[in-house]
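What follows is one structure encoded as structure tokens, with my remarks underneath.
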Amino acid sequence: MNLHDYPRIAVVGCPGAGKSTLARNIAARTGHPLIHLDYENWQPGWVPLPKEELIAKQRQWVRGERWIIDGNYKGSMEIRFAAADLVLFLDLPRLLCFWRVIRRRGRARPDLRPDVVEKSSLKGRLDFYRFLLFYSKNNRPRVYELHEKYPGVEFVRLRTRKAVRSFVETL
């Protein structure tokens, strides 16, 4: 797959699936501008932007000629689907994603601002873990709904670490 043929790429999937890593790899190979939604959304103190502001930013970004946008944000995912040439759906096993999220806890993340630390309260972590564990039930259907709604958008589902590695090797 020649990603230069796809100027607008959306990367979606469960937390811990490797969206940001894959998006960085693609950006390095294509030179496409890279936007991490978590970086844009989370402000110091783990305070999110107002939803309307993040939506307005996304509407502006997707007007660009080339971009890679990494992140879920189910409520605004359609903005990216409607404008994308290619959607990469990282649909890896939930226990692998959970393990990766646990492993990265407390580490700096290049997809977050340097002054933003992931929520460390027990309630915040439990809410996030619950979101992750129920991603396939509560969020995967939205991905497929949008895939059906926008049949002209190339859609690639990657289900294993091996599939992701193979995909990256073909870039």
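Just so you know, all these numbers are worked out from the coordinates, no wet-lab data involved. None of these values were measured; they are calculated from a predicted model. No Cβ is skipped: glycine too gets one built from the backbone with ideal geometry, and neighbour counts run over all protein chains shown.
By counting other Cβ atoms within 10 Å of each Cβ, how are His147, His36, His4 ranked from fewest to most? Intermediate values should be presented prior to the final figure.
Details: His147 15, His36 22, His4 12.
The order, fewest Cβ neighbours first, is His4, His147, His36.
For the chain, what proportion of DSSP beta bridges, expressed in % and rounded to the nearest 5, is antiparallel? Could the numbers behind the result be given before it?
On the way: 2 of 19 bridges.
Of those bridges, close to 10 percent are antiparallel.
By how many degrees, between 0 and 90 and to the nearest 10, does the Cα long axis of helix 122-133 differ from the longest principal axis of the chain?
Result, in degrees: 30.
Put +1 on the Cβ of each Lys and Arg and -1 on the Cβ of each Asp and Glu in the range 16-153; which of Ile55, Leu133, Leu90 then has its Cα farthest toward the positive end of the dipole?
Most positive-ward Cα: Leu133.
Which value, in debye to the nearest 20, gives the size of the charge dipole of the chain about its Cα centre, when Lys and Arg are +1 and Asp and Glu are -1 at the Cβ?
Details: 32 positive and 18 negative charges, 163 e Å.
Computed about the Cα centre, the dipole is about 780 debye.
Report the charge-dipole magnitude of the range 20-65 in Debye, nearest 20, computed about the Cα centre from +1 at each Lys and Arg Cβ and -1 at each Asp and Glu Cβ.
Numbers: 6 positive and 5 negative charges, 31 e Å.
Dipole size: approximately 140 debye.
Write down the Å³ per residue value for the convex hull defined by the alpha carbon atoms of the chain.
Dividing the Cα hull volume of the chain by its residue count gives 113 Å³.
Whole-Hz ³J(HN,Hα) for each residue in the range 140-157, computed from phi via Karplus 6.51 cos²θ - 1.76 cosθ + 1.60 with θ = phi - 60°, x for glycine and proline: what do you get?
For the range 140-157, the Karplus-derived couplings read 3, x, 5, 4, 5, 4, 5, 4, 5, 5, 10, x, x, 8, 4, 9, 10, 9 Hz, x marking Gly and Pro.
Given the rule -39500 (n - 2.57) for each run of at least 4 DSSP H residues, summed and divided by the residues of the chain, what is its mean residue ellipticity at 222 nm, to the nearest 500 deg cm²/dmol? List each step's numbers first, then the result.
On the way: 9 runs with 81 residues, N = 171.
Rounded to the nearest 500, the figure is -13500 deg cm²/dmol.
Counting pairs of alpha carbon atoms under 8 Å apart in space and at least six apart in sequence, what relative contact order in percent does the chain give?
Details: 236 pairs, mean separation 59.0, N = 171.
Across the chain, relative contact order equals 35 percent.
Setting aside same-chain residues fewer than 8 positions from Lys51, which lysines have a Cα under 25 Å from its Cα?
Here the lysines satisfying the reach criterion relative to Lys51 are Lys19, Lys74, Lys119, Lys123, Lys137, Lys149.
Within 10 Å of each residue's Cβ, count the other Cβ atoms and sort Trp67, Trp99 from fewest upward. If you can, show how the numbers build up before the last one.
Working: Trp67 20, Trp99 12.
If I rank by nearby Cβ atoms, fewest first, I get Trp99, Trp67.
Please compute the modelled spin-label separation between Trp99 and Arg157, points set 7 Å along Cα→Cβ, answer in nm with one decimal.
2.3
In nm, what is the difference between 0.36 nm times the number of residues separating Glu65 and Ala82 and their Cα-Cα distance? Mind dumping the intermediate values first?
On the way: separation 17, 0.36 × 17 = 6.12 nm, distance 1.39 nm.
Length gained between Glu65 and Ala82: 4.7 nm.
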